[in-house]
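Engineer: Questions regarding the structure given below will be posed in turn.
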Amino acid sequence: MKDKKVNEVMIPLSDYATVSENDSLATAVKKLKEARNDTKYQYKHRAVLVFDKNNRIIGKVSIRCILQALEPKYRHFQHPENIGSIGLSRFGFNNEFLTSLVENFSLWDETLEELCKKAFKLKAKDIMYTPSNGEYVNEDSPIAEAVHQFILGCHQSLLVLKKDEVVGIIRLVDIFDLVCEIME
């Protein structure tokens, strides 16, 4: 694996679903659904990438982002530095406590249909996840460097850079497939 480079395993940006930062949540959902139906890759995409007015990738709208956007009250649980993106159960909270949060904050107190209608108008930039510095890897980096970032950062994917431009995405599952191939 020392000789393999990130660009040999990554999915090129041209093969990944993207939306504009001003596209609606509905558009992001449609693009993600289309990408998930694409049979080119063994594993289905779990996000669409978001680009700005200069066509630079600035974020991701994941399945988790979409579900979180349905209930605006989830924002009460988010730390300014995105620590809220880490599950509360990781901090030792049990299911009873988490259930009490749902009840006390009246989370999902509307029907799914009502929540979807309200979220329909949100823009990608309003719900996207903005990757941190540790979620980028250079296309010429060895796979081992990407593995370190995946493990130490608990990431599911990394954006791949050529100079300062995102040129693709590398997913944890794709590295796992590479490991399986080598072990076989």
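The values are calculated or read from the model by the stated rules, or taken from the named source; none is laboratory data. Values in this document were obtained by computation on a predicted structure and should not be read as measured data. Heads up, the Cβs are rebuilt from the backbone with ideal geometry, glycines too, and the neighbour counts pull from every protein chain shown.
Engineer: In segment 39-57, what residues are among the charged types (D, E, K, R), without any contact (Cβ under 8 Å) to a residue 40 or more places away in the chain and surrounded by 12 or more Cβ atoms within 10 Å (Cβ to Cβ)? Before you say what the answer is, go through the steps one by one.
Structural biologist: Our first condition is that a residue be among the charged types (D, E, K, R); within segment 39-57, this holds for 40, 44, 46, 52-53, 56.
Right, trim to without any contact (Cβ under 8 Å) to a residue 40 or more places away in the chain and you get 40, 44, 52-53.
Within segment 39-57, Lys44, Asp52 meet the criteria.
Engineer: Sort out which residues of segment 1-38 are hydrophobic (A, V, I, L, M, F, W, C) and in contact (Cβ under 8 Å) with a residue 60 or more places away in the chain, and write them in order of number. Walk me through how you get there before you give the answer.
Structural biologist: First, the residues of segment 1-38 that are hydrophobic (A, V, I, L, M, F, W, C): 1, 6, 9-11, 13, 17, 19, 25-26, 28-29, 32, 35.
Passing the criteria: Met1, Val6, Val9, Met10, Ile11, Leu13, Val19, Leu25, Ala26, Ala28.
Engineer: Looking at this structure, is Ala144 modelled with pLDDT of 75 or more and either surrounded by fewer than 15 Cβ atoms within 10 Å (Cβ to Cβ) or of a type in the set (Ser, Thr, Tyr) (or both)? So that I can check it myself, show each step before the final result.
Structural biologist: Working: modelled with pLDDT of 75 or more: yes; either surrounded by fewer than 15 Cβ atoms within 10 Å (Cβ to Cβ) or of a type in the set (Ser, Thr, Tyr) (or both): yes.
Here the answer is yes, as Ala144 does meet what is asked.
Engineer: Would you confirm, using the coordinates I've provided, whether Asn138 is at pLDDT 95 or above, of a type in the set (S, T, N, Q) and surrounded by fewer than 17 Cβ atoms within 10 Å (Cβ to Cβ)?
Structural biologist: Working: at pLDDT 95 or above: yes; of a type in the set (S, T, N, Q): yes; surrounded by fewer than 17 Cβ atoms within 10 Å (Cβ to Cβ): yes.
The answer is yes for Asn138.
Engineer: Counting only residues that are over 22 Å from the mean Cα position of the chain (by Cα) and aliphatic (A, V, I, L, M), which one in segment 163-184 is nearest to Tyr43 (Cα to Cα)?
Structural biologist: Among them, the one singled out is Val179.
Engineer: With respect to Ser89, is the statement that it is surrounded by fewer than 13 Cβ atoms within 10 Å (Cβ to Cβ) and either modelled with pLDDT under 90 or over 22 Å from Asn55 (Cα atoms) (or both) true? It would help to see each step written out before you state the result.
Structural biologist: Values: surrounded by fewer than 13 Cβ atoms within 10 Å (Cβ to Cβ): yes; either modelled with pLDDT under 90 or over 22 Å from Asn55 (Cα atoms) (or both): yes.
So Ser89 fits the description; yes.
Engineer: Please work out which one of (1) modelled with pLDDT under 65; (2) more than 30 Å from Pro142 (Cα to Cα); (3) of a type outside the set (S, T, N, Q) is the condition Glu81 fails and give its number.
Structural biologist: (2)
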